[in-house]
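Visitor: First the structure, which I've put down as C-alpha cells, then a few questions once you've had a look.
The values are calculated or read from the model by the stated rules, or taken from the named source; none is laboratory data. On a predicted model such as this, the values are computed, not experimentally measured, just so you know. Here the Cβ is made from the backbone with ideal geometry for all residues, glycine too, and neighbour counts use every protein chain on show. Side chains included, ligands, DNA and RNA excluded: accessible areas come from the protein's heavy atoms. Shrake-Rupley method; radii C 1.70, N 1.55, O 1.52, S 1.80 Å.
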Amino acid sequence: MAAAGLTTMPARIGRFEIIRELGHGGQGTVYLAHDTRLERSVALKSVRLGETAIEARAGQLKVLLDEARIVSRLQHPNIVALHDAIEEAGVPYLVFEYVEGQTLGQALKERGAFTPAQAVGLLLDILKGVADAHRQGVLHRDLKPANVMLTVAGTPRIMDFGVATRMREHPQDEERYLRGTPAYMAPEYIQGAPYTQACDLFALGMMLYALVVGAPAVSGSDYASVLQRMRVGIWQRPSERTSAVDERLDRLIMQAIAAEPAQRFADAAAFGAALENYLDPAAAQKPEPEHALHGKQGTLDFLLRRMRHGSDFPALSSTISSVNQALSAENERASVLCNTILKDFALTNKLLKLVNAAHYNHFGGHVSTVSRAVAILGFDGVRNVALSLVLLEHLQNKSQATALREEVIATYFSGVMARQLVQRLGVHDAEYAFICAMFHRLGKLLAVFYLHDEAQAVERLCEARDIDEARASTEVLGISYEELGIGVAREWKFPDQIVDSMRHVTEPLRGRELSAIDRMRALSTLSNELCETVRAPEEERPLLLSVVVQKFGRGLKISEKLLQSVIAESATEVAHGAALLGMSVGTSRLLAAARNAEAPLMPEVAQTNGDTLETVVAGSLLSGSGGSAAEGAAPPAEMRRSALSAGVQDITNTLVGDFELNDVLRIILETMYRAIGFKRVLLLVRDARAGVLRARFGFGGDVNDIVKKGFAVPLNGARDIFYAAISQGADLCIDDLDAEKIRPHVPQWYRELITAHGMVLFPVLVNHRPVALIYADADVPEVLRFQSEELNLLKTLRNQAVLAIKQKS
C-alpha cells in the first residue's frame, strides 16, 4: 500500500516492524507497527518538515524532539500517550500508544449526529484530558473529531497533542502561519493573535456543535472560504439546525464558540462544570455548604461563582464591563464603544434594528452602522441601550420563565417610567434615568434567575411575616437585594453615578433643591416603588400610591394624578415597543394592572417622545442570535455588496444635513470593516508639523494599540508602497506582502508594527493634496480580491470622505 511521500510501505523503520498503514494525510503517514524492543504494538507517525534547507530542517527536528519530550509527560486516560520520537533516514517519527477503535470523525460520518447526552458525555471526558494538558502548559492546537480516538469501549482519547502541527514551517516563524483545521480555528487566532488555551476551548465548543448537529458549524468548498467565515465569527445556532438541541445546550454551545475569547468559558474546568450542570440540572441546584450563603461577602461571592459557572455570566459580564470601560476613555471613546458593540453580532443587529424602527425615519433612510447610531442617539444613548440589551438578552426564556418574565418586564417598565418622569418634570438626562431605574432592581433580577429557590423563600417570608423585601432578603441571603445588585454592579465596573442610583431612598424628600446625583437616585427609587405599587393587590394600590406621593412629592414636585398618567402611558409604550419587535407581553399581570390606571393627561408626549431605550430593550427579549440563518450562509460577495451599498446610502443621508466630520469618517471605516471582513481598518490623518499621516482611530481588535504605538506614514519618506499611493493618489490593493516583487517595497517599520498578509490603501486627496489615508488589511488573500462592483463601492466610500472633508473645510 503506497504511503504519502513513499513509493511503497517500508517493512521496518528503526526498531519497529511495520504491520500495515492506518492512514495518511497532509502531515504524514501513520502505521501500525511492532516495537521489537518493548514487545508491544504502537502507532508510528511520520512528520513532514517541509521543503527547507538542511540547516532549517535540523532546527525543526531539534524543536520537534524538544516538544516531544514535553508532550510525553502527558499521562491521562483520555490522552493517547506519546512514547518516543525517533529519526530514520532524515525523517522524524512519533511513536504513539496504539489504541484500537475508530476516530470520532469516522463515527460521526458513519452514524451522523450523537444525542445531546452522548455528545456532552464524550466532551466531558475530552475536557478532562485537555484540562490535564493545560495544567502542564501543553496546548493541542488542532482539536477536532478526527483527532479523537474512540476505543472499543467508547472512551474518547485525544491524539496528536501539540507536536506535529507545529513543525510545518520554520520554528522561528511560530505565530506567523496558521496551523490546524479551519472549521475549528478560533477567530482571534485567524486574525493574528497568539494561540492560547481559549483557542483549544473554542475548538472543543465547535466539536460539541458538530457532534450534536452532525456537521461542523461552518463548511465550504475550499480552505480560504471556510477560513474567512470562521474569521468573521458568525454561525447558526445549533438549535436552528436540529430540534434535538434544547435552549440550555444551545446557549452553552454558543458561549463556548463565542467570537470574543473573554465571552467563552474561563477554562476547561468551567466548561466541564457547565456541561455537568446540563446533564444533571438538579445537582446544579443542590445547596452548597451552609457557610456558602453566610454573610454579605459570602453570598455575593457565591452568586458570582454560580454566575461564572453558568452559561450566561461570562459573556454578559465581559460585554457590560467593556461597555462601561468605554466611559473612561475620553479620547476616541466613540471608537472604543463601537468596537465593543461590533464584537457582539446580536447586539449590533438589535441596536441597528432600533435605529431603523419607524420612529427614526426622520433621520433619513436606513442606518447601517453603529457609528451612525452613536451620531443619532449620542454616546450615552447607545451606551445605555447596549447595557440594557446585554442584561435582558441573557435573562429570558429560562426554566423559571413565569417569575423571571415578570421581573424582566418590571425592570423594563421601571426604566420607562423613570424616563417619562424626567420628561414630565423638565429634567435632562432622560436616557440616564432609564438605565439607572432599570439597574436599580439588578439584585432581585439576578437572584430570581441564579438563586431561584432563595428568591422564592424571600417572597414567602414577606407574606408570612408581613415584612419588606429588604429585610426578608437579608434574612434569607445574608445580604439585601440592593447590596447584592450593587456588589455585582461594581464587579461590572459601572460608573459611580449608576451605582449610587441603586441605593434605595428610604426617607421622605424635603423641599430643598436636590443635587443631580440625589435626584437620579430619587427618580430610580420612585419608578421602582411605582412598579411595586402597580403589582400590589388592587384594593391596596390607592393607599400605596398616596404613600409614594407623600414620600417624593415635595422633593420632586409630583402629584398623584401625574403618577397615574405616567403609569398608564408607560404601559402603553412598553406594549407598543413589544408589538413593534414581536415580544409577547400579553400574559403579564403587571402590564394588565398598569393599563387600568387613569388615561394619560398629556397624550401629545406620547407622539413626541423617542422610543430610544424602550424599543431596544423590547427587542432584547426576542430569542435568536440577531442574524438569520440565511444571513450567516449568504455568499460573501453578495453580503459585501449589500453592506457596502447600505453604507454608501447611509453616508449620503448623513451628508445632506448637519454632521460631525469624525462621525462620518467613522461610519465610512465601519462600513468597510463590517462589509469586507478586513482584519482592521484605520484612518491616518495629516500631521503637517511632523510631516506624516498619523493613525487616529479605526476598527479591529488591536487598533487602539496600533494607534498608541504611533502608526504613521511619512509624507516624503522612502519610495515604498505607502509613498506610491500617497504621491500618486493611487488606490493600492496587495494580497501578498511577501510576494517576490512586493517584499522589497514594504518598509521595515511597518513589518515591526503590524502583522498582515495583505493590505489596501485608499488615499484621501483634497485639491490634489493628501490629507488622509484609509488603510485596511487582511490575512486571507481572498478578502482582498474584489469584484468590480465592490471596488467601485469602496472608492465611493473614499470619495464620500473627500466630500465630507471639503464640506467641513
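Visitor: Computed FRET efficiency, Cβ-Cβ of Gln102 and Thr242, R0 25 Å: what is it to the nearest 0.05? Mind dumping the intermediate values first?
Guide: Working: r = 23 Å, r/R0 = 0.92.
Between Gln102 and Thr242 the formula returns 0.60.
Visitor: Sticking with this structure for a sec: With N set to the number of residues, divide the alpha-carbon radius of gyration of region 449-563 by 2.2 N^0.38 Å and report two decimals.
Guide: Its radius of gyration relative to the 2.2 N^0.38 Å reference: 1.16.
Visitor: In vacuo Debye scattering of region 644-686, one point per C-alpha: log10 I(q)/I(0) at q = 0.15, 0.16, 0.20 Å⁻¹?
Guide: -0.38, -0.43, -0.64
Visitor: From the C-alpha coordinates alone, can you work out the Kirkwood hydrodynamic radius of region 68-161, in Å?
Guide: Working: mean 1/r = 0.0713 Å⁻¹.
Computed over region 68-161, the radius equals 14.0 Å.
Visitor: Probe radius 1.4 Å, ligands and nucleic acids ignored: give me the carbon and sulfur share of the accessible area of region 444-592 as a rounded percent. Walk me through the intermediate numbers first.
Guide: On the way: 3470 of 6940 Å².
Exposed carbon and sulfur together represent 50 percent of the surface.
Visitor: Sticking with this structure for a sec: Given a 1.4 angstrom probe, what's the average accessible area per residue across region 697-745, in square angstrom? Each step should come with its number before you reach the end.
Guide: Details: 2620 Å² over 49 residues.
With all protein chains present, region 697-745 gives 53 Å² per residue.
Visitor: At 1.4 Å probe size, what's the solvent-accessible area of Ser225? Round to the nearest 10 Å².
Guide: Only protein atoms counted, so the area is about 40 Å².
Visitor: A further question follows. Could you order Lys795, Lys561 so the one with the most accessible surface comes first? Probe is 1.4 Å.
Guide: Values: Lys795 70, Lys561 115 Å².
Of Lys795, Lys561, the descending order of accessible area is Lys561, Lys795.
Visitor: Can you give me the accessible area per residue for region 114-157, using a 1.4 Å probe, in Å²? Numbers along the way, then the final one.
Guide: Values: 1460 Å² over 44 residues.
Here the residues of region 114-157 average 33 Å² of exposed surface.
Visitor: Okay, moving on. Given a cut-off of 20 Å, name the pairs among Lys709/Lys806; Lys45/Lys128; Lys679/Lys709 whose C-alpha atoms lie farther apart than that in the structure shown.
Guide: Numbers: Lys709/Lys806 29 Å; Lys45/Lys128 25 Å; Lys679/Lys709 18 Å.
Lys709/Lys806; Lys45/Lys128, as the Cα separations exceed 20 Å there.
Visitor: Quote to one decimal, in nm, the extra length available between Lys62 and Lys493 on full extension: 0.36 nm per residue of separation minus the C-alpha distance between them.
Guide: Numbers: separation 431, 0.36 × 431 = 155.16 nm, distance 4.77 nm.
Here the answer is 150.4 nm.
Visitor: Want the number for Ala637 to Leu803: 0.36 nm per residue separation, take away the alpha-carbon distance, what's left?
Guide: On the way: separation 166, 0.36 × 166 = 59.76 nm, distance 2.70 nm.
Value of the extension gain: 57.1 nm.
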